[in-house]
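> This is the structure, below, for whatever I ask next.
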Amino acid sequence: MLSCRTLSTLFATKTCPNCKQAEQLLDAADIRYTVRFAEENRDTVRALGIRQAPTLVSGGQKWTGVSGVREFIAAKENANV
């Protein structure tokens, strides 16, 4: 179950249009998150096995791409019902 208190981290790149879309989706869903740019956090990205931007990390799980972010939002909304 996803906690409302869990702060999520969106790993993005500075030039990624899908990353901007993922941010917009998270903002519209009123989900708290931080953005970390992959190019500035290479060690963390490598340690987490992130290979695609955007990747959302929350509660020890990863969601990749815009579709993954949508799945995360849907799961969060279902958990809050």
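> Kindly indicate which of 56, 25, 7, 2 is modelled with pLDDT of 95 or more and touching a strand residue (DSSP E or B) at 6+ places or on another chain (Cβ under 9 Å).
Every option except 56 fails the conditions.
> On to the next question. In the list 75, 53, which residue meets the criterion of being in a loop (DSSP other than H, G, I, E, B) and touching a residue at least 12 places away in the same chain (Cβ under 8 Å)?
On the way: 75 fails: in a loop (DSSP other than H, G, I, E, B).
So the residue among 75, 53 that is in a loop (DSSP other than H, G, I, E, B) and touching a residue at least 12 places away in the same chain (Cβ under 8 Å) is 53.
> Which condition number does residue 63 fail, the rest of (1) part of a loop (DSSP other than H, G, I, E, B); (2) free of Cβ contacts under 8 Å to residues at least 24 places away in the same chain being met?
(1)
> Now for a separate question. Taking only region 59-81 into account, find how many residues are modelled with pLDDT under 95 and open to solvent by less than 50 Å² (accessible area, probe 1.4 Å).
Residues meeting the conditions: 3.
> Which of the residues spanning region 5-19 are surrounded by 14 or more Cβ atoms within 10 Å (Cβ to Cβ) and either without any contact (Cβ under 8 Å) to a residue 24 or more places away in the chain or closer than 15 Å to residue 74 by Cα (or both)?
Selection gives 8 alone.
> Any residue that is within 21 Å of residue 60 (Cβ to Cβ) and open to solvent by 80 Å² or more (accessible area, probe 1.4 Å) - is there at least one of those in region 23-34?
Within region 23-34 (the criterion being within 21 Å of residue 60 (Cβ to Cβ) and open to solvent by 80 Å² or more (accessible area, probe 1.4 Å)), the answer is yes, since at least one residue qualifies.
> Would you mind telling me which numbered condition in (1) in a strand (DSSP E or B); (2) open to solvent by 20 Å² or more (accessible area, probe 1.4 Å) residue 43 fails?
(1)
The values are calculated or read from the model by the stated rules, or taken from the named source; none is laboratory data. Just so it is clear, the structure is predicted and the values come from calculations on it, not from any experiment. Every residue, glycine among them, receives a Cβ derived from its backbone with ideal geometry; neighbour counts consider all protein chains shown. These area figures cover heavy atoms from the full protein model, side chains too; ligands, DNA and RNA do not enter into them. Shrake-Rupley method; radii C 1.70, N 1.55, O 1.52, S 1.80 Å.
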